[in-house]
1. Cross-link list 335/427; 384/456; 335/384; 116/243: which exceed 21 angstrom alpha carbon to alpha carbon?
2. Divide the volume of the convex hull of the Cα atoms of the range 218-292 by its number of residues and quote the answer in cubic angstrom per residue.
3. With a bin width of 10 angstrom, please list the P(r) values of the range 271-416 as percents of all Cα-Cα pairs, from the 0 bin to the one holding the largest distance.
4. Quick check: the angle from helix 473-487's long axis to the longest principal axis of the chain, C-alpha only, nearest 10 degrees?
5. Using only the Cα atoms of the range 1-65, what are the Rg and Dmax in Å?
6. Can you give me the Rg/Rh ratio for the range 285-326, using Cα atoms for both radii and the Kirkwood formula for Rh?
7. Among 302, 471, 112, pick out the residue whose Cα is farthest towards the positive end of the charge dipole of the chain, where Lys and Arg carry +1 and Asp and Glu carry -1 on C-beta, about the Cα centre.
8. Stokes-Einstein diffusion coefficient for the range 326-391 at 25 °C in a medium of 0.890 mPa s, Rh from the Kirkwood formula over Cα pairs: what value in µm²/s?
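The values are calculated or read from the model by the stated rules, or taken from the named source; none is laboratory data. Predicted model only: the values in this text are computed from it and were never measured. Here the Cβ positions follow ideal geometry from the backbone for every residue, glycine too, while neighbour counts run over all protein chains shown. Keep in mind that these areas ignore ligands, DNA and RNA; they rest on the heavy atoms of the full protein, side chains included. Shrake-Rupley method; radii C 1.70, N 1.55, O 1.52, S 1.80 Å.
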Amino acid sequence: MPASPVTVADLAAAIPGSQVMGANEVVSDLFHDSRDVTPGSGFIAVRGAKVDGHHHADTACVAGASVVVVDHELDVVCAQLVVADTRAAMAELAATVHRHPARSMRMIGVTGTNGKTTVTHMIESIVAAAGGSVGIVGTVGAHVAGELVPLARTTPEATDLHRLLRLMVDRGVETAALEVSSHALVYGRADAIEFDAAVFTNLSQDHLDFHNSMEEYFAAKSMLFVPARARHAIVWADDPAGKRIIGMTELPVTSVGFTAGCDVAGRIIRLGPVATTMSAEISGETVELRVPLAGRFNAANALLAAAASHRIGIGVEAILAGISSLGPVPGRFEKVPNDLGLNVIVDYAHTPAAVAAAIATASEIASGRVIAVAGSAGDRDPAKRGPMGAAAATADLTIITSDNPRSEDPASLVEQVVAGAGGRSQKLVAEVDRRAAIRRALRWATPDDIVLILGKGHETYQEFADHTIDFDDRAVAAAELSDLGADR
């Protein structure tokens, strides 16, 4: 039987204290951008840092909106739903318009500074190995039953997110794994979703241009681990912030780590250049787990994915099969194929902790040197630049270069990172042009070395003050490797 149409009255019922002004029209969709409004849809006027959506309510009505959601009465020609706070109401309204799609799926939310994308991709592979249909949402886009849907944000705005979840349900998706950013938690983008499992990976310096301190950053992340948002917590217990979450959450917890005594515990058996083997204790059963990615941090990601998958009812055999059959995760310790026998890896590491971990991992598996190409983005957390340089300088050879300079001077950004590394030396140089930096690293490398190209990972662009260019580290490295091969 078809679902009943959602009306303005249904939206009002979802928000206690709201007031309807005008006709009780059917609402087919909900948008927060008046330019996206279609006839019969609703528009929610959100007060942003630069734009107040209330100034565009009339445009939405002219475009055919059946209702505008506002925080005060306006002089417009369509129906109005007046609420106390439009942003606070947005997720519940979006969920109502789309008939609460999250309630029809098993939901896993993953938060933390690093590892979110890899964990969700691992969960996707596990669910597929168990014979289920799966969707993921995150930094590299959304997967809806195998189809890639590009996204502008790690966690989309609530109007977009619930529309995406409805698409998943309509296409038969049974399990969804979402990256839940700290911005999303602060702005309520993932509200009106109760996660069956909430996963915490780790916490290190990032986004301090948005959060005023690491404590505020931690508080934002910990918002996911409350009964209103989740039923169960899956927490990396070897991280200090993870220990804090375990101590403060009211949720039942599955502790995960390399430390004895964790509910899901792992022990590294063998680290290799393309895979990691470890033993893992899952639900009292000790198994050998092969992770087709290098590094201890990816072994940690695999344990978290295993714990979350087991929590939603997936058996150990499917977990082992799903992780072992995992394909490359875009821009996450991704190897660049070449005919020169060189070990070239592109990774999204863009925090000091992630850069240090990537270099430490490469050092464990390289028979020669680790050559790192790294930088720090403009218009983001200036306090991170010095520590980024210090982390990058732990490589045997380091080239500091541009990331996404945005509105800032690329040369100045490079100098700030170089200063954090202790200045130029025989093992550290500066090269503002990113392509030239990559070329230089590849020409230095021998087959025993590992070249790490860090910071941008899956990104296919580079942002400058007045323009954006196509720039994919993987494609650029492949092209430079081809040229290098021709020269040899």
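1. 335/427; 335/384
2. Convex hull of Cα atoms, per residue: 114 Å³.
3. 11, 34, 28, 19, 7, 1
4. 30 degrees
5. 12.6, 44
6. 0.93
7. Checked the options; the winner is 302.
8. Translational D for this selection: 186 µm²/s.
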